[in-house]
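To start, the structure under review is shown below, and the notes come after it.
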Amino acid sequence: MEALKEAIAELPEGERHSLAVWLNELDYDDWDKEMVRDFSPGGRGMALAEKVKREIAEGKSRPLEEGLAQARARRESKSRS
C-alpha cells in the first residue's frame, strides 16, 4: 500500500487529479446502484419514501424545498435586524 501511495504522490498534478476523479466516480457508481436498489419497488427505502409522501399529504411534513426556503427567509430577516 505504501508503494502505491508513493507512486500516486509522484504523479504529475493533472494525472493525480484524473485518478482522484476516477476513484470518486467508482465510489459514486456503487452508491448510485445501491440507491436505485433501495428505492425501486420492494426496496428497503420505499417504505420511508411512502411515509414521507403521506406525511406531506397530511400536512405533517413539508417538501424539502419549502423548508429550505423558509429557513433562508428566517436567516435573511435576522440579518436585517
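The values are calculated or read from the model by the stated rules, or taken from the named source; none is laboratory data. Small disclaimer: the values here were computed from a predicted structure and weren't measured. Cβ coordinates were reconstructed from backbone atoms using ideal geometry, including for glycine residues, and neighbour counts include every protein chain displayed. What goes into the accessible areas is simple: the full protein's heavy atoms, side chains included, and nothing from ligands, DNA or RNA. Shrake-Rupley method; radii C 1.70, N 1.55, O 1.52, S 1.80 Å.
Some observations on this one:
- Axis angle, to the nearest 10 degrees, between helix 46-57 and the longest C-alpha principal axis of the chain: 40 degrees.
- Mean accessible surface per residue for the chain, computed with a 1.4 Å probe while every protein chain stays in place, in Å²: 90
- Derived value for the chain: Kirkwood hydrodynamic radius 17.3 Å. Basis is the mean of 1/r over every pair of different alpha-carbon atoms.
- Placing +1 on each Lys and Arg Cβ and -1 on each Asp and Glu Cβ, with no other charges, gives the chain a dipole about its Cα centre of roughly 1040 debye.
- Structure-based [θ]222 nm, the chain - -39500 (n - 2.57) summed over DSSP H runs of at least 4, per residue, nearest 500: -26000 deg cm²/dmol
- Available extension along the chain between Val52 and Tyr28 is 6.1 nm, counting 0.36 nm per residue and deducting the alpha carbon span.
- Ranking Trp22, Gly43, Ile56 by how far each Cα lies toward the positive end of the dipole of the chain (charges on Cβ) leaves Ile56 at the top.
- For the chain, with all protein chains in place and a probe radius of 1.4 Å, 56% of the accessible heavy-atom surface sits on carbon or sulfur.
- Radius of gyration and maximum dimension Dmax of region 41-81, Cα, Å: 15.0, 50
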